[in-house]
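So the structure is just underneath, and the comments pick up after that.
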Amino acid sequence: MPTSFDICAEVVAGSAAWLGRGLSCVCAQRRESDARPSFDLTPAQEECLQRLQYRIDVQYDSSNVEHQEALRALWNASFPEEELRGLISEQWKEMGWQGKDPSTDFRGGGFISLENLLYFARNFPKSFQDLLRKQEGDRALWEYPFAVAGVNITFMLIQMLDLEAVKPRNLVGATFLKFLAENESAFDLLYCITFKLMDNQWLAMHASYMDFNVCSLNFDNF
């Protein structure tokens, strides 16, 4: 019987599959030992980690033209049939932002959380649309807010992989750097897989909006 990780790796198939399988094995090993890994970063790993940390440190800036364009691009990828009336608009609530100004929701995840959503929309449009429009499974009347969930997933992955440290202090983070050195999109790919896994968990729980804070995904569920 396929595991949830196998299913999700198939949904975001191709280059994402190797990442999903690899981290799934690592997380199984982590349950057998709580010891902190002892390792040195290779020059390639250190360089890739520093570039990723630079992305993590960038806060969303509503006055930054690049950030504005990324937000517009996210809307166009999400609702190509509907013209956006403005960066501050009631329309954003359709996507699962808490209010009419999405910039207020980026505080927890920074600009990289917008980049993650945009990467998902552009590279795996079918899976993205399925999640955005809640097209799979037996859904509750009140569903989780899609966009806010996406920002939360970015924040959760950064913390779980210990990506703000000089070097990760856990096995999952240490192993992730090996994947990152092979593919600089590894964090974005892992984000896509994790979003799908979160949705699978949501459906398995028969959850509704009131369960949103409870339904947080961690690698122990893989």
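One table, with the values for the structure above:
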{"item": "Highest-first arrangement of 43-53, 58-68, 179-189, 80-90, where packing means the average Cβ count within 10 Å", "result": "179-189, 43-53, 58-68, 80-90"}
{"item": "Alpha-carbon centroid distance for the pair segment 110-129 / segment 43-109, whole angstrom", "result": "10 Å"}
{"item": "Cross-link partners of residue 178 among lysines (Cα-Cα below 22 Å; sequence separation of 8 or more within a chain)", "result": "167"}
{"item": "Listed peptides 73-79, 98-104 by packing density, highest first (mean Cβ within 10 Å)", "result": "73-79, 98-104"}
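Coordinate-derived values only; no laboratory data. Given the structure is predicted, the values throughout are model-derived calculations rather than measurements. In this analysis, Cβ positions are derived from the backbone assuming ideal geometry, glycine residues included, and neighbour counts consider all displayed protein chains.
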